[in-house]
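Single-structure report; data block below.
The values are calculated or read from the model by the stated rules, or taken from the named source; none is laboratory data. All of these numbers come straight from a predicted model, not from anything done at the bench. When we count neighbours, we look across all protein chains shown, and the Cβ atoms used for this are built from the backbone with ideal geometry, even at glycine.
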Amino acid sequence: MGFYNGKISIEGELRQVITDFEIENNKIIGEYTYDINKGKLTNCRLDGNKLSCDWIEPKNIRGKLTAIFNSNFSEFIGIWFLSDDTYGGSWTGQTKMR
């Protein structure tokens, strides 16, 4: 799947985010970086062009991401939530060259 440049909304402020989705052992996993923060995407489930993942950051901060991809998976529009289902914000990405 690869690297995606995008924006993530944190407390109402848009920030640059790089999201990397990979297929490992027939499972989709990922990592992302915004500001100085890094996180992991796990338990990803793909249904058509809809991807649902759990995210986790240091200090056990966690939640969920739901992303809808376009037909060739070159970009996505998503939303993220905290673990208590509180809405976090938007999360987008477009493919970038490695």
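Screening Lys59 with (1) over 17 Å from Gly6 (Cβ atoms); (2) basic (Lys, Arg); (3) modelled with pLDDT of 95 or more gives one miss only, at (3). How many residues are β-branched (Val, Ile, Thr), more than 14 Å from Gly89 (Cα to Cα) and within 13 Å of the chain's Cα centre (by Cα) if we restrict to region 1-51? Total satisfying the criteria: 6.
Of the residues Gly63, Gly88, Gly93, only one is under 14 Å from Thr19 (Cβ atoms), among the small types (Gly, Ala, Ser) and in a strand (DSSP E or B); which?
Gly93
Residues that are among the small types (Gly, Ala, Ser) and either crowded, with 17+ Cβ neighbours inside 10 Å or not in a loop (DSSP other than H, G, I, E, B) (or both) within region 1-17 comprise Gly2, Gly6, Ser9, listed in sequence order.
Does Lys50 count as touching a residue at least 24 places away in the same chain (Cβ under 8 Å) and surrounded by fewer than 17 Cβ atoms within 10 Å (Cβ to Cβ)?
Against the criterion (touching a residue at least 24 places away in the same chain (Cβ under 8 Å) and surrounded by fewer than 17 Cβ atoms within 10 Å (Cβ to Cβ)), Lys50 does not qualify.
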